[in-house]
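**Student:** A single structure is presented below for examination.
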Amino acid sequence: MHFRHSRHLRHFRHLIWFVAVAALAAGAGWLLRRGPAPPAPADLASLDPALANLIAETRADVRADSSDPTEWARLGMVYEANGFVGLAVACYEQSVARRGTEARWWYRLALVRARAGNVEGALVAAGRASALDPG
């Protein structure tokens, strides 16, 4: 009887470990799909109301589907066009991390990295853009 009890206990422990690992894997997958929160300027309220509204709406689009590289790139373009170079870099990096096959997002990333003074990073991104679209 003791042997049988020990075997059941061992199976139960394996089941518990399996459930725990499966739960952790599911949680990790959810976090990867969800991704980080979209960045925002330090003081959104001090910006022109139209720009603040555009940023808020575009950030909401990213939060609605943070796995979409195009939404990240759109937010990057809003930041880039309005001089928020560091925020644009972060957004384009998220975009290419989600779909590294889009030459245009690598190109934009190269431009904003260069503007931010990261020449080496800009060259890497430009090389990737060129490799994806040599024309």
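**Student:** Quick check on region 89-135: of everything there that is touching a Phe, Trp or Tyr at 6+ places or on another chain (Cβ under 6 Å) and of a type in the set (Lys, Arg), which residue is nearest to Glu71 (Cα to Cα)?
**Tutor:** The selected residue is Arg108.
**Student:** Just wondering, is there one or more residues in region 76-89 that are over 17 Å from the mean Cα position of the chain (by Cα) and in contact (Cβ under 8 Å) with a residue 40 or more places away in the chain?
**Tutor:** Looking through region 76-89, at least one residue is over 17 Å from the mean Cα position of the chain (by Cα) and in contact (Cβ under 8 Å) with a residue 40 or more places away in the chain.
A short reminder: the numbers here are calculations on the coordinates, not readings from a lab. Note that the structure is predicted; figures quoted are calculated from it, not measured. Using ideal geometry, Cβ is built from the backbone for each residue, glycine included, and neighbour counts are taken over all protein chains shown.
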